[in-house]
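Heads up: the structure comes next, in structure tokens.
Laboratory data are not the source of any read-out in this text; all were calculated from the coordinates shown. None of the values given here were measured: they were computed from a predicted structure. Positions of Cβ are generated from backbone atoms using ideal geometry, with glycine treated the same way; all protein chains shown enter the neighbour counts.
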Amino acid sequence: MNGQRLRLMGLMPAQIAEALALKPFQGRQIFQWIHQKGVFDFDAMTNLSKPMRERLKAECTVQDMRVVSVQVSEGSSATKILFELEDGERVESVLLRDGGRVTLCLSSQAGCPLNCSFCATGMAGFRRNLDAGEIAGQALLLLSAGEVPRELTPNVVYMGMGEPFLNYEHMVESIRLLMHPEGLNVGARHITVSTVGVVEGVSRFAAEDWQVRLSISLHAANDELRSKLVPHNRSNGLRQLRDALRDYGAKTGRQVTVEWTLLDDVNDGPGDVRELLAFLKGLKVFVNLIPWNPVPGLPFNASSRAKCVAFQEGLEQGGVKATLRRENGGDIAAACGQLRAMHEPAELE
Ligand code: SAH
């Protein structure tokens, strides 16, 4: 609610109808305007009666996120939006263009409690979980800001701020909104959720009745190093994570992506390749190598291109497929590693 107004972003068609005591088809019409056509102005919802539009204007708001800034990278390959939420919290999301393909990178929390040592988001601490409307709303606002044609179906990655598996229900609800056939209708296989590897979340995700993709941010394959880079590993170690991934594979048959942010002389050597190969043995995975996006003030350096390539080759020689993306939109992503983590895994299968 925004003051006395009902916020429609985040509600399914049936929930809109119920909240406003409308017929089910009217709930669907309103949902279609917002999610399928990207129309947020009640006056423009021309198949609704005039009195209905007046009522919606008086009682509802479509969404309550304010766009604070829009940055477009050189060559327009990336557009980053900074949003202010109703309570003043701020989150970022990014639209990435690659050929004819559009990928939306969404935030699931304002701030992040994980505090990974190389990531900018954790530095500012955790603020709060986003609700489903605040997550799905980012996608709609990104598409409008980027003037993406409505017939183009985007890919969506949960690789912005926050840990989606620590905001599990809202993450699931937001995916249902994005997948809704009367909304954006994004195919499950075009959606990827990236997690630090909260094992409980991995098990829950395995039980979801969908084909949404899972990506695990590993970054180190020995507990000592991983606990330094990813403090969450201290309570939820590699052995547990590996078991959870093995069960996930057995249950779903789906391939998992493993993300590995390359940090110079920290996790980018031949020994690291060997440890990673040992960890991955028997798992159905491919690896997404992410060149570290420098964050001022943090004690790391990006690995050289040659080391990144050698790491990739080492994995391939060990029988594991790996992608290494070239920089994309780096000029606007100074404090956000997510851009480099984005890609469409489907091409690898
Ligand atoms: N909490 C989720 C989403 C994080 S962002 C997760 O841990 O997966 C998506 C990816 O970007 C993660 O793999 C994260 O470790 C990585 N990342 C964060 N900061 C980065 C940076 N500065 N450079 C490169 N990758 C970064």
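Over the chain, dividing the summed -39,500 (n - 2.57) contributions of all DSSP H runs of at least 4 residues by the number of residues returns a 222 nm mean residue ellipticity of -9500 deg cm²/dmol. Of the GluC sites (Glu not before Pro) in the range 69-146, the ones in a loop by DSSP (not H, G, I, E or B) with at most 16 other beta carbons within 10 Å are Glu86, Glu89. Only the Cβ atoms of Lys and Arg (+1) and of Asp and Glu (-1) were treated as charged; on that basis the dipole of the range 93-202 about its Cα centre amounts to roughly 200 debye.
Principal-axis analysis of the Cα atoms of the chain puts helix 132-145 at an angle of about 90° to the longest axis.
Report, in cubic angstrom per residue, the convex hull volume of the C-alpha atoms of the range 121-208.
On the way: hull volume 9.0 nm³, N = 88.
Spelled out: Cα convex hull of the range 121-208, divided by residues, is 103 Å³.
The convex hull around the C-alpha trace of the range 87-165, projected and averaged over every direction, spans 5.8 square nanometres. Among Arg28, Arg274, Arg55, the residue with the largest mean-square fluctuation in a Gaussian network model of the chain, with springs joining Cα atoms closer than 10 Å, is Arg55. Among Gly187, Gly133, Gly88, which one shows the highest mean-square fluctuation when the chain is modelled as a Gaussian network with alpha-carbon springs under 10 Å? Comparing Gly187, Gly133, Gly88 in the GNM, the peak value goes to Gly88.
Evaluated with a Cβ-only charge set (Lys, Arg +1; Asp, Glu -1), the range 228-273 carries a dipole of roughly 420 debye about its Cα centre, given to the nearest 20.
So, with +1 on the Cβ of K and R and -1 on the Cβ of D and E, and no other charges, what is the size of the charge dipole of the range 148-213 about its Cα centre, to the nearest 20 debye? Numbers along the way, then the final one.
On the way: 5 positive and 8 negative charges, 43 e Å.
Once rounded to the nearest 20, the dipole reads 200 debye.
The Cβ shell under 11 Å around Gly183 holds other residues with a net charge of +2, Lys and Arg each +1, Asp and Glu each -1. Relative to the longest principal axis of the C-alpha atoms of the chain, give the angle of the C-alpha long axis of helix 270-280, reported between 0 and 90° and rounded to the nearest 10°. Around 60 degrees separate the two axes. Listed values for the range 66-79 are Karplus-derived 3J(HN,Hα) couplings in whole Hz (6.51 cos²θ - 1.76 cosθ + 1.60, θ = phi - 60°), namely 9, 7, 7, 8, 10, 10, 10, 6, 4, x, 6, 6, 9, 10, and x replaces Gly and Pro.
Expressed in units of 2.2 N^0.38 Å, where N is the residue count, the Cα radius of gyration of the chain is 1.01. Here the Gaussian network model covers the chain, with springs between Cα atoms less than 10 Å apart; of Gly197, Gly111, Gly314, Gly314 fluctuates the most.
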